[in-house]
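Have a look at this one before I ask anything.
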Amino acid sequence: MELKLYNTLTREKAAFQPLDELNGRPPADWRVRMYVCGPTVYDFAHIGNARPVIVFDVLYRLLRHLYGKDHVKYVRNITDVDDKINARAAERGITIRELTEQTYQNFKDDVAALGCLPPDVEPRATQHIEEMKTLIERLVKADFAYVANDHVLFHVAAMKDYGALSKRPLDEMIAGARVEVAPYKRDPMDFVLWKPSKENEPAWDSPSDIKTKGRPGWHIECSAMSWKHLGETFDIHGGGIDLVFPHHENEIAQSRCAFHTGLMAQVWMHNGFLQVEGEKMAKSAGNFITIRQLLNKWKGHPWPGEALRFNMLRTHYRQPLDWTFHALDESHKILWDWYGQLKNVQPNADCPKEIVAALSDDLNTPQMIAELHRLHNSGDLGPMRAALNFLGFSGEQINLQRNYVFQPEAGQLVLGGQSAVLKVTRADGSVEFDKATQQKIDNHISARNAARKAKDFKESDRIRDELAKMGVVLKDNKDGTTTWEVAR
Ligand code: AMP
Ligand code: ZN
C-alpha cells in the first residue's frame with residue numbers, strides 16, 4: 001500500500017519512499033529511520049506534549065506494519081540539559097540528575113498509559129556531548145561556525161539556503177527567534193552551538209580550544225543524537241509545529257553543513273497545537289493539564305489514557321485541536337460502548353486494509369475512526385478488535401472500569417453514559433469492590449511487597465502509582481503489613 005505523507009519542507013503531500021530504497025539497498029536491509037524531538041525533562045508533561053507522542057506513535061505502528069518491525073528505527077530524545085532544568089532543580093533543592101531521572105520516569109509511565117510504544121532508542125543529551133563537540137569542531141573548521149567570547153556560534157550567513165524549512169523572510173525570522181543581540185555575535189541571526197557554564201551549572205570541557213568549561217545549545221543536541229543513532233541523513237523528522245523555527249531550521253543548518261549534504265531528513269512532519277479556547281496549551285500560558293492529572297483525577301474522575309488517545313486521534317494531526325471536556329467525555333463514551341461489546345471478541349489476525357489505507361493517507365485518523373464506526377455498525381467485531389489492538393487500544397483500562405461494581409451516587413459526574421464509579425459506597429460509609437477487582441488489588445499488593453523485599457523501589461513505586469490510578473491508596477503499617485483504602 002502506498003504511504004503518502006505531508007512534508008513541511010516541500011509543503012506537499014507525496015508518496016513516501018525510504019532512503020534505503022532510493023539508494024538501492026536490498027529490501028531485507030531497509031530501515032525506515034525516524035527521529036522525533038522529545039521532552040525537556042523538568043516537570044510533568046502536559047496533554048499538549050502528549051500530542052506529538054501519540055501522533056508519531058501511530059506513524060511508528062503504521063511503518064512497522066508496512067515495512068516490518070525489524071525495518072523501522074524510531075529515536076525520540078530526552079533533553080536533560082537545559083536552563084529550565086537547572087532552575088527547577090535549584091528550586092526543589094535536588095540535584096539535576098535526580099530531577100531529570102524522576103521526570104523521565106514519570107514521562108515514560110504517562111505515555112505508556114496513553115498506549116504509546118517505547119521508541120527503539122531514547123538517547124539522552126548528556127550522553128552525547130562528545131558527538132556534539134565533534135559536530136561543532138567540524139562546523140568551525142569548515143567556517144560555518146566561529147568562536148567568540150567562549151561561545152561557539154553558527155554563522156547563518158555562511159549557509160546559502162538557510163531558512164528552507166520555515167520559508168520566512170529574514171526580518172520575520174529575526175523577530176520569531178527573539179534573537180539575543182550580543183556584542184560578540186557577527187550577526188544577530190547567529191545562534192549558539194556552545195556556551196560557557198556559570199558556577200553550579202552543568203559543565204563539560206569545551207570544543208575548539210576554549211579554555212572555560214561549557215554546555216551545548218539546544219539545537220546541536222538533536223543534530224548529534226540523530227547522527228549517532230540514524231546517520232547523516234534519515235527518513236522522517238517530527239515534532240510540534242512550534243519547532244519548525246528556529247529549532248528544526250537550525251538542526252538542518254548544523255547537520256547539512258557538518259556533513260555537506262543536501263538533506264538532513266527527507267520528510268519533516270509537524271503536528272498542530274492542542275489549544276484551549278483558541279490558545280496553545282503551554283506551561284508558560286498557565287492553561288495546561290498534565291497527563292498525570294488526567295489519569296489520576298480531572299473534573300472529579302480518573303480518565304483512562306485510551307480516552308485521551310482516542311480523543312486526540314479524532315482530529316487530523318495537522319489541524320489545531322480544541323481541548324474540551326465534552327469531547328473527552330464523548331471519546332470515553334464511544335470506547336466504553338465498544339468495549340462493552342468487544343470484551344469476549346477475539347481479534348482477527350490482520351488489521352483491516354481500510355484502516356491501513358486511511359492511515360497511509362497522511363495519517364488520516366478521522367477517516368480511520370469512521371472505518372472503526374463502520375466495522376462496529378456492521379457487526380464486524382473481529383476485524384474491529386484487530387484494528388483497535390493495532391492502533392494501541394487494548395481496552396484494558398476501560399474493561400477494568402467495567403469490572404468495578406458500580407452504583408451511581410448523587411451528584412456524580414457521569415462518564416460515557418455510565419457512572420464510572422470505582423467502588424460501591426454503602427450507606428454506612430463502607431466500601432466494597434467486586435471480587436475480580438479485589439483479587440487484582442491483592443495481586444498488585446503482593447507484587448509490590450515482593451519488589452520491596454528485593455529493594456526494587458522503582459517497581460514498588462510504580463505499583464503504588466498504578467493502584468493510585470485505580471483510586472486505591474496504600475498504607476504501609478509499622479508491623480510490616482500493607483493495607484489499603486479508597487481515595488476520597
Ligand atoms: P517542549 O517540552 O515544549 O519542547 O515540547 C515537547 C513537544 O511537545 C514538542 O514537539 C512540542 O512541539 C510539543 N508541544 C508543546 N506544546 C504543544 C501543544 N500545545 N500542542 C501540540 N504540541 C505541543
Ligand atoms: Zn530536536
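The values are calculated or read from the model by the stated rules, or taken from the named source; none is laboratory data. Being a predicted model, the structure only gives us computed values, none of them experimental. All Cβ positions, glycine included, derive from the backbone under ideal geometry; neighbour counts span all protein chains shown. Accessible surface areas use protein heavy atoms only, side chains included; no ligands, DNA or RNA. Shrake-Rupley method; radii C 1.70, N 1.55, O 1.52, S 1.80 Å.
Taking the stated definitions as given, is Y60 open to solvent by less than 10 Å² (accessible area, probe 1.4 Å), in a helix (DSSP H, G or I) and either away from ligand 1 (no atom under 14 Å from the Cβ) or without any contact (Cβ under 8 Å) to a residue 24 or more places away in the chain (or both)?
Yes: the conditions hold for Y60.
Can you tell me which residues in the range 164-182 are at pLDDT 90 or above and open to solvent by less than 10 Å² (accessible area, probe 1.4 Å)?
Listed by number, the list holds a single entry, L165.
Condition check ((1) away from ligand 1 (no atom under 16 Å from the Cβ); (2) among the aliphatic types (A, V, I, L, M); (3) at pLDDT 95 or above; (4) under 17 Å from the mean Cα position of the chain (by Cα)) across all residues:
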{"residue": "A224", "(1), (2), (3), (4)": "yes, yes, yes, no"}
{"residue": "I291", "(1), (2), (3), (4)": "no, yes, yes, yes"}
{"residue": "W298", "(1), (2), (3), (4)": "yes, no, no, no"}
{"residue": "H301", "(1), (2), (3), (4)": "yes, no, no, no"}
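Which of (1) in a helix (DSSP H, G or I); (2) surrounded by fewer than 22 Cβ atoms within 10 Å (Cβ to Cβ); (3) within 11 Å of ligand 1 (Cβ to nearest atom) is the odd one out, the single condition A50 does not satisfy?
With (1) in a helix (DSSP H, G or I); (2) surrounded by fewer than 22 Cβ atoms within 10 Å (Cβ to Cβ); (3) within 11 Å of ligand 1 (Cβ to nearest atom) applied to A50, the lone miss is (2).
Can we say K185 is part of a loop (DSSP other than H, G, I, E, B), at pLDDT 90 or above and within 24 Å of H128 (Cβ to Cβ)?
Answer is no for this residue.
Can you name every residue in the range 122-159 that is touching a Pro at 6+ places or on another chain (Cβ under 9 Å) and charged (D, E, K, R)?
K133, E137, D150
Also: Which is under 21 Å from P123 (Cα atoms), open to solvent by 10 Å² or more (accessible area, probe 1.4 Å) and away from ligand 1 (no atom under 16 Å from the Cβ), of G262, G231?
The conditions single out G231.
Would you call D80 without any contact (Cβ under 8 Å) to a residue 60 or more places away in the chain, crowded, with 22+ Cβ neighbours inside 10 Å and farther than 18 Å from E306 by Cα?
Answer is yes for this residue.
Please pick out the residue among Y42, Y35 that is open to solvent by 20 Å² or more (accessible area, probe 1.4 Å) and either in a helix (DSSP H, G or I) or among the aromatic types (F, W, Y) (or both). Full working, then the answer.
On the way: Y35 fails: open to solvent by 20 Å² or more (accessible area, probe 1.4 Å).
When all the criteria are applied, what remains is Y42.
While we're looking at this one, here's another question. Taking the residues in the range 72-86 that are within 13 Å of ligand 2 (Cβ to nearest atom) and touching a His at 6+ places or on another chain (Cβ under 9 Å) as candidates, determine which candidate is farthest from E21 (Cα to Cα).
Ranking the candidates gives N77 first.
Across the range 113-161, what is the total count of residues that are in a helix (DSSP H, G or I), over 18 Å from W218 (Cβ atoms) and open to solvent by less than 60 Å² (accessible area, probe 1.4 Å)?
3
When the residues of the range 246-305 are narrowed to those that are more than 30 Å from F154 (Cα to Cα) and in a helix (DSSP H, G or I), which ends up nearest to ligand 2 (Cβ to nearest atom)?
I291
Kindly list, by first and then second residue, each pair from a residue in the range 93-104 that is without any contact (Cβ under 8 Å) to a residue 12 or more places away in the chain to a residue that is not basic (K, R), limited to pairs with Cβ atoms under 7 Å and residues at least 6 apart or on different chains.
Here the result reads T95/A89, each pair linking the range 93-104 to a residue that is not basic (K, R).
So, one more: Tally time: how many residues in the range 203-216 are closer than 23 Å to K84 by Cα, crowded, with 18+ Cβ neighbours inside 10 Å and in contact with an Asp or Glu (Cβ under 9 Å, 6 or more places away or on another chain)?
3
In addition: Does the range 12-48 hold any residues that are among the charged types (D, E, K, R) and without any contact (Cβ under 8 Å) to a residue 24 or more places away in the chain, and which are they?
Across the range 12-48, the qualifying residues are E12, D20, E21, R25, D29.
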